[in-house]
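Below is one structure; the comments refer to it alone.
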Amino acid sequence: MQEEMQPARSGRRKKKRLRFRGVLLILFIILLAVGAYAFVQYQSGLKSAEKNTEIEPVSFDGDPENPDYSNILIMGVDSRGEEQSRTDTMMLLSHNKKTDEVKLTSFMRDIYADIPDYQSYKLNTAYYLGGADLLADTLRSMFGVEIHHYALVDFSNFEQMVDIAAPNGVEIDVEKDMSKLIGVSLKQGVHDLNGKELLGYARFRADNEGDFGRVRRQQQVLAAMKEELISPSAIPQYPKLAGAVRGYVQTDISTADQVKLAVQLALNGGGDLERLTVPVEGSYSYGNYSHAGSVLDIDIEQNKQALSEFLSQPLN
């Protein structure tokens with residue numbers, strides 16, 4: 001009897017091994033297909049930005065890495081082919097490494113700033129005079145904030161990246177009809193905006209809010225982009241977007257660290273993007289100087305305190 005049962009058991013074990021090998025083969029084929037798709041899409045994104053691939057990251061004198069948080073200086077420029085330009089957008093993206101909270105601080109470009117080794121000018125002049133390092137040094141000296149990394153993007157490249165990340169558009173509640181000086185015509189209401197439309201919305205300032213409204217809309221756009229990127233429907237776009245970012249965005253953050261940060265935000269960054277604008281309400285007045293034009297004279301200590309409380313970070 002035992003001799004009859006032995007071949008039966010052996011046959012069942014053999015079938016199980018064959019099924020297991022079949023499952024492994026299927027998994028291998030799936031992984032191979034996914035890897036091939038990711039590689040092709042990455043190369044496609046890189047190719048779409050190949051005219052910019054000569055832009056190499058410049059050296060950046062960032063603060064030493066902090067185990068608790070990372071602050072990234074984000075700058076947006078409208079170079080229009082010029083070698084030097086002023087920063088129309090200056091934001092600090094702060095990532096709490098322990099809680100994975102993400103916070104966004106916008107600095108108004110007309111802040112009258114003490115620029116190290118230069119005469120005081122508008123804050124957006126710092127980049128024109130000395131690039132990312134000088135702008136970072138200006139913010140450090142004024143507000144005592146740590147800046148670990150930087151990222152620079154030209155507005156024309158922003159359009160392309162939006163269209164790659166969200167081929168069906170990004171949902172925005174357009175607050176009013178807009179067309180003046182933004183290159184597109186937008187109607188009030190909820191719409192899915194493409195890259196050009198989204199940039200136009202972010203740059204609109206032909207109303208009573210002026211630059212403050214423009215900064216608020218820029219923050220709204222980045223919050224909407226964050227929600228779009230952490231949605232499951234955006235996952236297939238990641239490889240192509242990663243390739244495009246390499247060509248379109250100048251940064252000192254390595255590709256591996258970019259991917260790591262993106263994964264962390266996708267897995268844990270589903271909450272609302274907290275936002276702050278500097279100067280805060282009631283902390284500034286309007287001034288005018290012959291060499292700088294119309295500016296915002298700000299109470300530095302009041303804004304430094306507000307920034308420290310918002311970021312939950314000690315400032316120097």
Seminar exercise, completed: Classified through the alpha carbon gyration tensor (a ≥ b ≥ c as square roots of its eigenvalues; rounded if a/c is under 1.5, else prolate when a/b is larger than b/c, else oblate), region 94-169 comes out oblate
For this session: Restricting to region 51-311, compute how many DSSP beta bridges are antiparallel as a %, nearest 5.
Result: 70 percent
Exercise. Is the shape of region 51-311 best called rounded, prolate or oblate, per the rule: a/c under 1.5 gives rounded, else a/b larger than b/c gives prolate, else oblate, with a ≥ b ≥ c the square roots of the Cα gyration tensor eigenvalues?
Worked result: rounded
For this session: Give the Debye-formula value of log10 I(q)/I(0) at each listed q (0.09, 0.11, 0.21, 0.22 Å⁻¹), with one equal scatterer per alpha carbon of region 121-267, two decimals each.
Result: -0.33, -0.50, -1.37, -1.40
Exercise. Just the C-alpha atoms of region 155-232: what Rg/Rh do they give, with Rh taken as the Kirkwood radius?
Worked result: 0.94
Exercise. How many nm separate the modelled label positions at GLU301 and GLU65, each set 7 Å beyond the Cα in the direction of the Cβ?
Worked result: 3.7 nm
Problem set entry | Spin-label proximity, SER120 to region 277-306 - amide N less than 14 Å from point 7 Å beyond Cα toward beta carbon | 284-301
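Quick note: the coordinates plus some simple rules give every number you see, no bench work behind them. Here the structure is a predicted model, which is why all the values come from computation and not from measurement. Neighbour counts run over all protein chains shown; Cβ positions are idealised from the backbone, glycine included.
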